[in-house]
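First up is the structure itself, then whatever we jot down about it.
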Amino acid sequence: MTTDLFTGIPAKARLSAPLNLPAPLSEPELLSELAALSAKNTRDDGFLGGGSYRHFIPSALKHLVGRSEFYTAYTPYQPEVSQGTLQAIYEYQSLICELTGLEVANASIYDGATALAEAALMACRVTGRKEVVISGALHPNYREVLQTYCAAVDLKLTVLPFDQTTGLTPGNWTLAPGAACFILQQPNYFGNIETVFGLAEKVHAAGALLIVSVDPISLGLLKPPGEYGADIVVGEGQALGNPQSFGGPGLGIFAARQKFLRQLPGRLVGATVDGRGRRGYVLTMATREQHIRREKATSNICSNEALCALAAAIYLSLLGKTGLRRVAELCLQKSNYLKKKLSARVLWPQTPSFKEFYLRDKRLLCVTELATRAELDKLAAQIGPA
């Protein structure tokens, strides 16, 4: 009998009565019901920040990502039947390397938070140390994920409080001898642009690695972290051609220096030539331990966000350097237009910011290139003077 399937489940965990479900509907009735439910969802019009952003997505991107060769792609473990997927990942990796200023990038990780946590674990493997030091201006959700990871592998997590007068990471700190890495978010959770001059030298002098979590759109204007000494760069790539989708899926960006290649978590696609000298693509540098011996693996992440990474690659290719810079400029200009109008309510009005800023009532506002002057004026009027 069907009930026999549940004998292994304790009685207290089983339903004692059938669920109170509504009667079944015909397909037209169901579509109407779903439409009514979806109408209850609200839009934020791009003014809520904190890691998920409403940016323009070119129409061509949607058509390319929607091709069946990509959204029903075969597993890249068998390269002879998945060259398209492997090449798409390879191009994505190449673009992320150029964007971050580092030499190697993986095929992506689940989201920005898990990418950051994996970067911390990688730094501990590389240095042989057990302490992770982070700025207090790091995204609070990222911090929670990092705490979970560190607790699971007995790592110490130390938080450096941010400066309450500027909304920035202070410069008067030193790393303890046991620190494996220092993690900075740029721009930080409050949208403020951190000072990075001399930061890498200070971290490296303590024998630690510098990890920077970035908003990839900001790299259209800001210097790539690799150019100011970052060893590992991570970030949330949702803004690169992916819709918000009520919070997911995300796209974890992960790049590092060449010398740390063998410690990189997740998948990595490389280019090669076949027996006839033709260019081809294969998964490479992924140890078998990652799949069959967890205790020896660099990471237990064995997958990636291939479709989201493809969207990011297409987005960056369509915009190019000039287009990405223009998007970043518009975010900077429009957000600072609103910031100036609300200056009496802004917590750190004099601190440079990119596309987000923090209000005194602990509200984070975000302005992207899609906002119009009329929308910004309307929002400023609704919020009102201090």
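The values are calculated or read from the model by the stated rules, or taken from the named source; none is laboratory data. Values in this document were obtained by computation on a predicted structure and should not be read as measured data. With ideal geometry, Cβ positions are generated from the backbone for all residues, glycine too; neighbour counts draw on all protein chains shown. Each accessible area value is taken on the protein alone, full model and side chains, heavy atoms only, with ligands, DNA and RNA left out. Shrake-Rupley method; radii C 1.70, N 1.55, O 1.52, S 1.80 Å.
Numbers below:
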item	result
Local electrostatic count at residue 248 - Lys and Arg +1, Asp and Glu -1, tallied over other residues with Cβ under 14 Å	-3
DSSP bridge orientation in segment 105-212 - percent antiparallel, rounded to nearest 5	5
Across 355/378; 321/355; 40/339; 223/339; 339/378, pairs whose alpha-carbon gap is larger than 21 Å	40/339; 223/339
Environment charge of residue 225, counting only residues whose C-beta is closer than 13 Å and scoring Lys/Arg +1, Asp/Glu -1	-4
Restricting segment 69-147 to trypsin sites (Lys or Arg not before Pro) in coil, as DSSP defines it, with at most 10 other Cβ within 10 Å	none
Under 12 Å from the residue 329 label point (7 Å along Cα→beta-carbon), backbone N, segment 354-386	none
Rule-of-thumb Rg ratio for segment 219-342 [Cα; 2.2 N^0.38 Å; N residues]	1.34
The chain, Rg to Rh (Cα coordinates; Rh as Kirkwood inverse mean 1/r)	1.01
In segment 57-135, the GluC sites (Glu not before Pro) that fall in loop regions by DSSP, at most 16 other Cβ within 10 Å	103
Environment charge at residue 76 (Cβ cut-off 14 Å; Lys +1, Arg +1, Asp -1, Glu -1)	-3
Where labels lie 7 Å past Cα in the beta-carbon direction, separation of residue 9 and residue 278 in nm	5.1
Whole-percent carbon and sulfur share, accessible surface of the chain, 1.4 Å	56
Cleavage-rule hits (trypsin sites (Lys or Arg not before Pro)) in segment 335-386: DSSP loop, at most 16 neighbouring Cβ within 10 angstrom	360, 362, 363
Rg/Rh ratio calculated on Cα atoms of segment 1-157 (Kirkwood radius)	1.07
Accessible area per residue in Å² at 1.4 Å probe, computed on the chain	51
